[in-house]
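Read through the structure below, which is laid out as structure tokens, and then see the notes.
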Amino acid sequence: MKEAKSHKKKIKILRVVTQAEVVIWHLKNFLDRSNDDFEVYIAGNDVSRYALRYSNVTFIDVNILRKISIWNDIIAFFHIFYLCLKLRPQIVHSIMPKAGLIAAFASFLALVPIRIHTFTGQVWSNLTGRSRAIYIFIDKLIVSVCTVCLTDSPSQSDFLEKQGVNQNGKPIRCIGRGSLSGVDLSRFDISIVDKTRNVLRKELGIAENDFVYIFLARKSITKGINELLKAFSQVVDIPNAKLLFIGPDESEGHLQKLYTQYEYLSDRIISLDKVDAHEKYLAVSDVLCLPSSSEGFGSIVIEAAAMGVPAIGFDIVGLVDSIAHNSTGLLVESSNADEFSKAMRYLFENPGKLREMKINGRIRILDFFSADVIYRLQRDFYNELLLKQ
């Protein structure tokens, strides 16, 4: 007698995002693993561009703009509301502020049983006065209509709690030790370093014995381009020091002024625009530099650690979770370019410590931040919420 096959009913979930890039930045690892457990719909601005890449996911374009646009925002609200009524998802889960506000109220009015928003850093963290107060009020509104909210780092939960943004009087929950989707170890495979490091360096014009600091983020004031170039200018006496400077220019003209100011560093800086194969560039590097003034967690830090690249960052919310100070990298006083420079020099002058950090970082990723680990935690979290219904 043949055993009947058990068919587990998939959980229907609608993820709402603002910009399409979030699918690759933050949802990819979840989507790659979700087919057996979830029926996934993703709504957001131009998300259908990924339809061919993920045949198991339904993408729905909804014009959610990052900046306030009352008419567009009203249309987007009714579009999400309609989707909730049509699809009847068990869970609506948003990410990014505008998507969070629209999805929270639309799913609440559509009587979706589980409404989740994940905070990934606060746009208001460096603001003051009325602007800061308005953004904090919006975050409190989101929390008030969601079943549960999440952050992507424990320190962010603590920060929000201190600003009066909490859930039922308790800090907003963080799954595991942080990160939205973890590190795909099949992609960020440390064996790439041994196989291709010198070949890739040759392509980029980097010598085998060069010591390479890498910046891999948006080139903006918030991400610390001022502090980075000032700090690098102070280690330029290291004869084989290079800076691999990668990311789209979002400085609104400020970067060109910095290039003029530090023109004498031009032969030491390899500047590239946005790249897709982060692992390729991490493979040729020795130390990641992230002098950011605002981070939700710092995904690039754990991706670098998986490739055996320690990180230097400022002692701020988010980075205190992604960098284990003096174990997988170094944390220095926020906005202090001189201290950042000292950390850059220290890792060059102490190769034994650098090797120790490379090993520690890789172990920490395997234990806490692999994509498989994070996926299991997310899946269990969703199931936990459904069991309470």
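No lab work stands behind these numbers, since they all come straight from the coordinates. These numbers were taken from a predicted model, which means no experiment stands behind them. Methodologically, a virtual Cβ is constructed for each residue, glycine included, from the backbone with ideal geometry; neighbour enumeration extends over all protein chains shown.
What number, in percent, do you get for the relative contact order of the stretch 191-369 if the mean sequence gap of Cα pairs under 8 Å and at least 6 apart is divided by its residue count?
Computed value for the stretch 191-369: 22 percent relative contact order.
Determine, from the Cβ-Cβ distance of residue 9 and residue 381 and an R0 of 22 Å, the FRET efficiency 1/(1 + (r/R0)^6), rounded to the nearest 0.05.
Step by step, r from the Cβ atoms, then E = 0.75.
Within straight cross-link reach of residue 140, meaning Cα distance under 20 Å, which aspartates and glutamates are found once same-chain residues fewer than 8 apart are removed?
73, 152, 158, 161, 295
For the cross-link pairs 230/353; 28/358; 170/280, which exceed 31 Å when the distance is taken from alpha carbon to alpha carbon?
The answer is 170/280.
Under 14 Å Cα-Cα from residue 195, which aspartates and glutamates qualify once same-chain neighbours fewer than 8 residues away are excluded?
Leaving aside aspartates and glutamates fewer than 8 places away in the same chain, those within reach of residue 195 are 208, 279.
What is the list of residues in the stretch 26-41 whose amide nitrogen lies under 12 Å from a point 7 angstrom out from the Cα of residue 56, following Cα to Cβ?
Flagged as within label range: 29-40.
Hey, which aspartates and glutamates would be in cross-link range of residue 257, C-alpha to C-alpha under 15 Å, not counting anything within fewer than 8 residues on its own chain?
Filter leaves 227, 249.
State which stretch of the chain is the longest one without any exposed trypsin sites (Lys or Arg not before Pro), exposure meaning a DSSP loop state and at most 13 other Cβ atoms within 10 Å.
In short, 68-273.
Determine the distance separating the Cα centre of the stretch 338-352 from the Cα centre of the stretch 113-157; give it in Å without decimals.
Between the Cα centres of the stretch 338-352 and the stretch 113-157 lies a distance of 36 Å.
Restricting attention to the stretch 271-369, which GluC sites (Glu not before Pro) occupy a DSSP loop and are surrounded by at most 14 other Cβ atoms within 10 Å?
333
Hey, got the Cα dimensions of the stretch 191-369 along the principal axes, in Å, largest first?
43, 37, 31
If you add up the charges near residue 67, with Lys and Arg at +1 and Asp and Glu at -1, over every other residue whose beta carbon is less than 13 angstrom from its beta carbon, what do you get?
Here the charged neighbours net out to +1.
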